[in-house]
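Take a look at the structure below.
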Amino acid sequence: MGGMPEHTGAFSDATGRDLEQGGADQPRYRRYQLELISPYCGNSVLEVGAGLGEFAAGFAAQMLTPPHHPGQVLDRLVVTDADPGAVELLAERFADRPEVEARQLALGDELSLDKPVDSVIAINVLEHIEDDAGALRSLAELVVPGGTIVLWVPGYQQLYGEFDRRVGHVRRYTPAAVSDAVLRAGLQVELAKPVNLLGGIAWWAAVRRGGSTAPNPKLVAIYDRFVVPVTRAVEKRVRVPFGQTVLCVARVPS
């Protein structure tokens, strides 16, 4: 697994961001992601495409003192990225956390772990892969029987725009489309639903109608501060028919 220089620059290619630049701070959006993803994770977790570790940092902090999911303790968190530069930054970021391990891992390459994990998290990863079912089959080999693969993927082809093309998105998903990939991989669909309806409307206005090729940091900050709290409140009560994202939980057969 060590030294795969052909993946240098993979982080920037996939996100439109530089490693040094980081990204716009979105604390409310991260909490929203954590709320939706963490209930489906076990005590040992691998994150694919962890980038700079923004989600992993919040996940590790929450799992140390889990108010929402009693009995859930983070024994092991493997943070991975295809880009060796991102892996170096991940190793530095989590250097003081003995339960966190940074590794280079790229879907499409041969994947291996010394010990399988309870859960894999893949946030905005699967849409970059032509053979999505094949990628899911590879990830399932890293998960214990009965474990989970939690997918957070861009929703709905109607929202596909110049930004998607620029960062190499092969597709955006509906719940049915991501479920189809999961089933073709020989896994079970536990959940597949759209999330972030208001974000979907904002994305459509900015990217599809407005032709934006990259998120505007000022608009991202406004969205995080004002729109995300409303989205969280509404979607706790109502199942929305459409969203910027599709959340899918796949279970590896026991």
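Could you check region 106-120 and list, in sequence order, the residues that are more than 17 Å from the chain's Cα centre (by Cα) and either closer than 10 Å to VAL144 by Cα or in a strand (DSSP E or B) (or both)?
Within region 106-120, ASP109, LYS115, PRO116 meet the criteria.
Determine, yes or no, whether ALA122 is more than 24 Å from ASP75 (Cα to Cα) and among the small types (Gly, Ala, Ser). Break it down into steps so the answer makes sense when it comes.
Details: more than 24 Å from ASP75 (Cα to Cα): no; among the small types (Gly, Ala, Ser): yes.
No, not satisfied.
Return the total of residues in region 132-181 being assigned to a strand (DSSP E or B) and within 16 Å of the chain's Cα centre (by Cα).
9
Would you pick out the residues in region 220-254 that are surrounded by fewer than 21 Cβ atoms within 10 Å (Cβ to Cβ), in contact (Cβ under 8 Å) with a residue 60 or more places away in the chain and either among the aromatic types (Phe, Trp, Tyr) or closer than 16 Å to PRO154 by Cβ (or both)?
Once the filter is applied, which keeps residues that are surrounded by fewer than 21 Cβ atoms within 10 Å (Cβ to Cβ), in contact (Cβ under 8 Å) with a residue 60 or more places away in the chain and either among the aromatic types (Phe, Trp, Tyr) or closer than 16 Å to PRO154 by Cβ (or both), region 220-254 yields VAL220, PHE242.
Conditions first: (1) on the phi < 0 side of the Ramachandran plot; (2) of a type outside the set (A, V, I, L, M, F, W, C); (3) part of a strand (DSSP E or B). GLU127 passes all but one, so which condition is the exception?
That leaves (3) as the condition not met.
Checking the conditions here, which among GLY58, GLY147, GLY51 is under 30 Å from ILE201 (Cα atoms) and crowded, with 18+ Cβ neighbours inside 10 Å?
Result: GLY51 is the single residue among GLY58, GLY147, GLY51 that is under 30 Å from ILE201 (Cα atoms) and crowded, with 18+ Cβ neighbours inside 10 Å.
Quick one: which of LEU74, LEU64, LEU90 is buried (at least 21 other Cβ atoms within 10 Å of the Cβ), at pLDDT below 95 and over 18 Å from VAL153 (Cβ atoms)?
Going through LEU74, LEU64, LEU90 in turn, just one is buried (at least 21 other Cβ atoms within 10 Å of the Cβ), at pLDDT below 95 and over 18 Å from VAL153 (Cβ atoms): LEU74.
The values are calculated or read from the model by the stated rules, or taken from the named source; none is laboratory data. Values in this document were obtained by computation on a predicted structure and should not be read as measured data. Using ideal geometry, Cβ is built from the backbone for each residue, glycine included, and neighbour counts are taken over all protein chains shown.
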